[in-house]
Amino acid sequence: HRLMKLMSEADDIRRDHPGCGVEKMYYTLKPDFIGRDRFVETFMQLGYRLKRKKNYRRTTIAGKIYYPNKIKGIEINAPSVVWQSDITYYKVGDKFYYAVFIID
């Protein structure tokens, strides 16, 4: 009976917060008759595990060009001697926004 009531409360949480994980549910509900590990195990078995959509989009196509490591063995003892950068993008609606990171 207590487990059914707890499941109903967990359903309410999931309705309001679809991304809430099982352990977070435990700390939100604070049940006094079941421990955290048993709660997580039970609710995972009951189907409360979050189903994550794979978020992978290929942005780089490997080529045959090889760039050697030009800083291997160099002693770096001052800022702005070597800079490293990377670029990534993310889509918002139908537009892409780019972010560039530069580290010295």
Exercise. Examine segment 49-59 for a residue that is surrounded by 10 or more Cβ atoms within 10 Å (Cβ to Cβ) and either free of Cβ contacts under 8 Å to residues at least 12 places away in the same chain or farther than 30 Å from Ile87 by Cβ (or both), and state whether such a residue exists.
Key: yes
Practice problem: Test Arg49 against the stated conditions and say whether it is in contact with a helix residue (DSSP H, G or I) (Cβ under 9 Å, 6 or more places away or on another chain), among the basic types (Lys, Arg) and not in a loop (DSSP other than H, G, I, E, B). | Solution: no
Quiz item: Which residue out of Phe39, Phe101 is exposed (fewer than 10 other Cβ atoms within 10 Å of the Cβ) and not in a loop (DSSP other than H, G, I, E, B)?
Solution: Phe101
Quiz item: Out of (1) modelled with pLDDT under 90; (2) open to solvent by less than 60 Å² (accessible area, probe 1.4 Å); (3) of a type in the set (A, V, I, L, M, F, W, C), the odd one out for Met7 is which?
Solution: (1)
Exercise. Identify all residues within segment 65-101 that are more than 33 Å from the chain's Cα centre (by Cα) and acidic (Asp, Glu); write none if there are none.
Key: Glu75
Exercise. Inspect segment 69-90 for any residue being closer than 30 Å to Ile13 by Cβ, surrounded by 10 or more Cβ atoms within 10 Å (Cβ to Cβ) and among the aromatic types (Phe, Trp, Tyr) and give the result as yes or no.
Key: yes
Quiz prompt | Residues located in segment 1-36, provided they are part of a loop (DSSP other than H, G, I, E, B) and over 30 Å from Lys91 (Cβ atoms) | solution = His1, Lys30, Pro31, Asp32, Phe33, Ile34, Gly35
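The values are calculated or read from the model by the stated rules, or taken from the named source; none is laboratory data. As the structure is a computational prediction, the values presented were derived from the model and not from experiment. Here Cβ is always computed from backbone atoms with ideal geometry, including for glycine, and neighbour counts include all displayed protein chains. The area values use the complete protein model at the heavy-atom level, side chains included, leaving out ligands, DNA and RNA. Shrake-Rupley method; radii C 1.70, N 1.55, O 1.52, S 1.80 Å.
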